[in-house]
Every structure is written in structure tokens, then in C-alpha cells.
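The values are calculated or read from the model by the stated rules, or taken from the named source; none is laboratory data. Everything numeric in this text was worked out from a predicted model, so none of it was measured. Note that we place each Cβ from the backbone using ideal geometry, even for glycine, and neighbour counts take in every protein chain shown. Keep in mind that these areas ignore ligands, DNA and RNA; they rest on the heavy atoms of the full protein, side chains included. Shrake-Rupley method; radii C 1.70, N 1.55, O 1.52, S 1.80 Å.
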Amino acid sequence: SDVYKRQGINAEYGGTHVTHMQPFKPSSGVVILALAVAHATSSPAPPLESGGFLECKACELAADVVRPVVNPLKPVIVDVAVPICKKVNATHQCNPASAGGEWACDDLCKGMMATEMNVIADLLHQYPSRGVCDALTACTPPSQPGPSGSAGVRSNLSDTSGEKVWPVWPSHGGKPSGSFVHFTDLHLQLDYEEGTNTDCGQPICCRKEAGPGAAGKQAQKFGDWACDLAPATLDSMFDAISTLNPPPDFVLNTGDDPAHDDWAQTKTSNLASIGYVASGLLNTSIGKSRPVVSAFGNHAPVPVNQFQGPGLDDWLYQGAATAWGPWLSDDARRTLEFGGFYQMRVADKLRAVVMHSTMFASGESGNWFFAANRTDMAEQFPWLRDTLLQARARGEKVLLLRHCPIGDFSAPFDAYMRNVTDEFSDVIVASFAGHAHTSWVTVLNDQATETEPVDVTYVSGSGTPGGGNPTFRVFHYDLETFEILDFDQYWVDMDQANRDGEAVWTKGYSAKEYFGIPDLTGKSWEALARTWLAGTDQTESWIHYATAMTRGRTPASKQNRVGEACRILSDTNDLYQKLSLIHI
């Protein structure tokens, strides 16, 4: 993601350093497959630019040639591609020098080449050659059209059919606590197995396919830094949430339940991860008696990042609607099953509006189906604006959920996202996102003067250990205005849990006290960031914030003070770069 590029940090996985937390940069897989296509069809290999991308016209010609024969040739192309992939160590995403040996690249390349070949075949059948080459970053895409004026599907906030009336709501005689939980990026590894090899040479380890680990390289009960979230750790997190006092009023999950073993995933396995998370919550006292709101992340589809839109992603949307069904109204289910987005009431006069944000990412690690035509596939932005207009007319407030921060939206959809958030700043209380696995915030200013904060996006940090110790946040809000008042960060020390044989979740800090800010308004966050720009690496609030980013896993000295200050002050990559150049 662009967020990780901005951070300039790597996540340690299986002895390799994987910036994007996935086994392939898709563009690298495309080059490998393109060479295999040329070999399989006995046609000249397409020329490659110095940057490694297919030259535009050659790509279009190759697409024209391959399209009629791509389906019967898929097995042949994959057979040719796998040895090429292994020769380059899957573009440095696997390590045959690890304890996993040659198996590491063999297993990864066989899985990912087959998966990506299916996507390229689908692209060739669904889009013209120029669109395919735009998607594969071989060509520079033309100017993008804006969202249409009408929604493909419309939410009706007055329709309460099928809506659960939760015991905590005052209208049902309940007394809310003024708190809620946010977690994100669980990346649950359902095939996690104790004792397996943690030096497997792949983006994540702890899979039985890698075999048993040597002494000191064995997966332990509550996880390993070379692996994704162990089920035992997730179960302990849900236990911790269910024992919070006072209990939260609702739970927000901003997506990415499946693990990072993208080369080995299937539709069935990804739905199993989504289902395990949902059923785990439903088996707690909180999940039984309070709303739970979930979003899709970029690891929900198969393969990673590839959303095709209404009618083509039904397996995912309908499967998730079944898993999340105990909390959905009829209206929420209808729009979720159509396009992966929905709204639902979480308290009297307060709604969660859930975007399907990851389909708006293009580029080498983005959604190729979006990049092929750069349109709002499901007319999601008209739906969003209409939903916010209804909320405003009803005097309701909104918590806006996205998996991706605005900086990960491709142009011009990043601008649309900013504009909508600004236009409805009187309705939107705050935004909640994930995708980046560290914990941070970013402030959006008004689009007219770029001086007045209108929104704060909270990225609470990942459940998977890829970004630090597994974590969740408890937010406190005003019961009348719904303003965010404070938050508490909870985490488990994974190494300590493995030593003790017990996962103990503790409150690490409360934001206002720990960072020394009077409130959680955008102005206070911006003022905090400016003290870091004017200070040094020894500034106390900076040390606290930098330590909190990985929940105590990484020393503050490993974080970039200027970069993190600029991130708070900028919601887009362009603005981030400008600010960074000024302050470096």
C-alpha cells in the first residue's frame, strides 16, 4: 500500500522483508507470466521498459494475440512461468536459503502463478486490450471519469425492517456506556500450527506444509513474528473485549480477516476466516447483545486485491452477509450483497456507514479490474452521498468506516473521498480505517482553505503481529454529540504470552494523558504534530507516540519523527511529500 511506502518500513516475515505484506507485487508476476505467454505461443517476447513494465503498444498487441487462446493455454503458461518465478526467487519474496529450502519458492510460485493467470484471463475476456494494459501498468491510463450522478443501489434509512433493537439502546430501556471497540487487520491464520517451521522462507510461516521447525524456530501457541495471527490469540482478544468494564456499546472491524498466504488461498478459505471472526464475536456476551460492524479489506477476495464488482463478487458479498447476518438489517444486507457497502444503526441517532474502499486502488499492487476502466464499479460514491444526505435530514451522526485511508485511493477517487468527507463534516463524527498495521491518525482539512480540520481518521493498529503486538482500541464518545473524547489502546505482549502460556491483554495508555493533548479534535492532533516538527527525537510526546505505533514492539528510535508528523498533517501522498520536503 502507499501507506507503507510512505512509512518506509518493512514487516519481518519468514526471514524475508515484505513491504507490501503479500507475496508478489502483481506487476512482477505479470512480467513473469508475459514471458511465459511468449514462450507458450511461440511469439516474440514483449519488450520491457527499464522500469520493468511492459511497453504499452507491445502489451496491447500481446493481449490481442493471447486473448483467443488464453483459456486452453493457461496450464501451459503456468508451467512455463513457475520455473521463471523460482529462478528470481519470486522477485525476492521467497528465500530458498532458509530452512524451508527449495520448497519455499516452489510452493509459492506454483500457487501464485496459477492464481494470477486466472485473473489475467478474466481481464482479457472482460476488457479491451488497452484496459488490460492500463490495469497491468504497461500503459498510462487516460483521464478518469467521475462518479455517476445516480446510485446503482440506494439505502433507505427509514426502513427498519429486520433491524435488531439492542438491549443497550435507551429506546429499549438500556443504558449505553459511551464506549466502543475498534479493531482491524486481524489476518487470522486458520492453518496456524504449533511446532511448525518459522524459518520457512515465505511471507508467512507456521503452516504445516513447511514441516516442523528446528529448535528456536518453532511456532508457539500465541504466535510468532514470522506468521499471522494465531487463533488462540484471537480467541483471547475476544475474551478480553467481552470482559471490558463498562462493556462497549458496539464493535467496529475495518477488515482484512484472512491471512497473508495469498498464494494458497481459496474462496472457501477466505470465507472461513470471515466466518470464524464473526462466530467468535457472536459467541461472546458483547456479540450476542450489541451491534458488530465489519468491512472488507484488500485480502478478502481471491486473489488479493482483485474485486470485480456487482455480479462477479457475489460469492464474497453473499458469504459475508451470511456471516455478518446476526447484526444486519434488511437494508444493510441488500446493499452489502449488491456492492459490498452498507449502513446500519449502532446507537440511537448514530450510524456506521461502511465503504468498500479497497476496490479504488490501482497500480502495481492494486485492483486490476478497477484499473482497467477507472470507474466507480458499483456507483458507490453516489450511494455514499445519498446516505449521508439522509442522515443529515434525520439529524443523525455517522461513523465512517473504510479499510483504506484516503491516501490509498487512486486519483481522482482520493479527491472525491476528501470532498465528500468535507461536505458532510457536520454529519461525520470521525473516520476509522486499517490497512497499515501500525497505529496512527491523520487529519483532513477543509478543501476550500486547507486550514480548518474537518475530520480525523483513526488507524488503530493490526491484530496480526505484522505491525507490532496484537491490539484493539476502546474509544470513548459523548452520548449526546457523539464526539470522540478519548481512546484506550489495549494489546498483548506476544512474547510474554508464549513464555507464560497465557495471553494477558492490558491497557497500554489513554490517548489524551499519554500524548499530552487536551482533546481529540483535529486541531489538537495538528498541534501535537507541529511540536514534533519543532522538537527533537527526544521530545516526550513523540517518544510516546512512536512507541505506541507498534504497541511497544519497536523502539521509538526506529520511527520517523518528521514523517509521522507530516502524516498527521496530510491525508494524501502528494501533500505528504510536499510537507516532508519542507521539513527534512
Quiz prompt | Amide H partners (placed H, <5 Å) of N445, local residues excluded | solution = V454
Practice problem: Work through the residues other than D446 whose Cβ is under 9 Å from its Cβ and net out their charges, Lys, Arg +1 and Asp, Glu -1. | Solution: -3
Quiz item: What is the diffusion coefficient of the chain in µm²/s, taking the Kirkwood radius over Cα pairs and the Stokes-Einstein relation at 20 °C with a viscosity of 1.002 mPa s?
Solution: 88 µm²/s
Quiz item: When the dipole is taken about the Cα centre of the chain, and only Lys, Arg (+1) and Asp, Glu (-1) are charged at their Cβ, what size is it in debye, to the nearest 20?
Solution: 160 debye
Quiz item: To the nearest 20 debye, what charge dipole does the stretch 135-244 have about its Cα centre, counting +1 at the Cβ of each Lys and Arg and -1 at the Cβ of each Asp and Glu?
Solution: 340 debye
Quiz item: About its Cα centre, how strong a charge dipole does the stretch 238-321 have in debye, to the nearest 20, once Lys and Arg get +1 and Asp and Glu get -1 at the Cβ?
Solution: 240 debye
Quiz item: So how much accessible area does K221 have, in Å² to the nearest 10, using a 1.4 Å probe?
Solution: 100 Å²
Quiz item: Please report, for the Cα atoms of the stretch 446-487, the Rg to one decimal and the Dmax as a whole number; what are they, in angstrom?
Solution: 14.7, 40
Exercise. Would you mind checking the tilt of helix 103-126 against the longest principal axis of the Cα atoms of the chain, expressed as 0 to 90 degrees and rounded to 10?
Key: 90 degrees
Quiz item: Once both axes come from the Cα atoms, what is the angle between helix 540-549 and the longest principal axis of the chain, in degrees from 0 to 90, rounded to 10?
Solution: 50 degrees
Quiz item: Around S510, what is the net charge, scoring Lys/Arg as +1 and Asp/Glu as -1 over all other residues with Cβ under 11 Å from its Cβ?
Solution: 0
Self-check item: Built amide H within the under 5 Å cut-off of H435, gap 5+
Solution: D185
Exercise. Grab every C-alpha pair in the stretch 359-442, bin the distances at 5 angstrom width from 0 up to the longest one, and report whole percents.
Key: 3, 13, 22, 24, 18, 12, 5, 2, 0
Practice problem: Compare the Cα positions of S362, A391, P248 along the charge dipole of the chain (+1 at Cβ of Lys, Arg; -1 at Cβ of Asp, Glu; about the Cα centre) and return the one farthest towards the positive end. | Solution: S362
Quiz item: Around L479, what is the net charge, scoring Lys/Arg as +1 and Asp/Glu as -1 over all other residues with Cβ under 11 Å from its Cβ?
Solution: -3
Quiz item: Stokes-Einstein at 25 °C, 0.890 mPa s, Kirkwood radius from Cα pairs: D for the stretch 270-368 in µm² s⁻¹?
Solution: 175 µm²/s
Quiz item: Excluding ligands, DNA and RNA, what is the solvent-accessible area per residue of the stretch 264-384 at a probe of 1.4 Å, expressed in Å²?
Solution: 25 Å²
Exercise. In whole Hz, with x marking every Gly and Pro, tabulate ³J(HN,Hα) for the stretch 266-278 from phi via Karplus 6.51 cos²θ - 1.76 cosθ + 1.60, θ = phi - 60°.
Key: 10, 4, 5, 5, 5, 5, 5, 5, 4, x, 5, 5, 5
Quiz item: Using only helices, what value at 222 nm comes out for the chain when you add -39,500 (n - 2.57) per DSSP H run of length 4 or more and divide by the total residues, to the nearest 500 deg cm²/dmol?
Solution: -11500 deg cm²/dmol
Quiz item: For the stretch 509-520, what does the Karplus curve 6.51 cos²θ - 1.76 cosθ + 1.60, with θ = phi - 60°, yield as ³J(HN,Hα) per residue in whole Hz, taken in order and with x for Gly and Pro?
Solution: 5, 10, 4, 4, 5, 5, 9, x, 10, x, 7, 10
Quiz item: At a probe size of 1.4 Å, how large is the accessible area of F338, to the nearest 10 Å²?
Solution: 60 Å²
Practice problem: Go through V443, P453, V165 and say which Cα lies farthest out towards the positive end of the charge dipole of the chain; charges sit on Cβ, +1 for Lys and Arg, -1 for Asp and Glu. | Solution: V165
Quiz item: Pairing the Cα long axis of helix 26-40 with the longest principal axis of the chain, what angle in degrees results, from 0 to 90 and rounded to the nearest 10?
Solution: 20 degrees
Quiz item: If you roll a 1.4 Å probe over the chain with all protein chains in place, what percent of the accessible area is carbon or sulfur?
Solution: 52 percent
Exercise. For R67, R154, R333, give the ranking by accessible area with the largest first, probe 1.4 Å.
Key: R154, R333, R67
Quiz item: If R0 is 60 Å, what FRET efficiency do you get for D519 and K87 from their C-beta distance, rounded to 0.05?
Solution: 0.60
Quiz prompt | Ranked by how many other beta carbons lie within 10 Å on average, peptides 252-264, 177-189, 525-537 from highest | solution = 252-264, 177-189, 525-537
Quiz item: Hey, what do the phi angles of the stretch 451-466 turn into as Karplus ³J(HN,Hα) couplings, whole Hz, using 6.51/-1.76/1.60 and θ = phi - 60°, x for Gly and Pro?
Solution: 10, 10, x, 10, 7, 10, 9, 9, 10, 7, x, 8, x, 5, x, x
Practice problem: Would you mind pulling out the separation of the Cα centroids of the stretch 291-309 and the stretch 510-528, in Å? | Solution: 32 Å
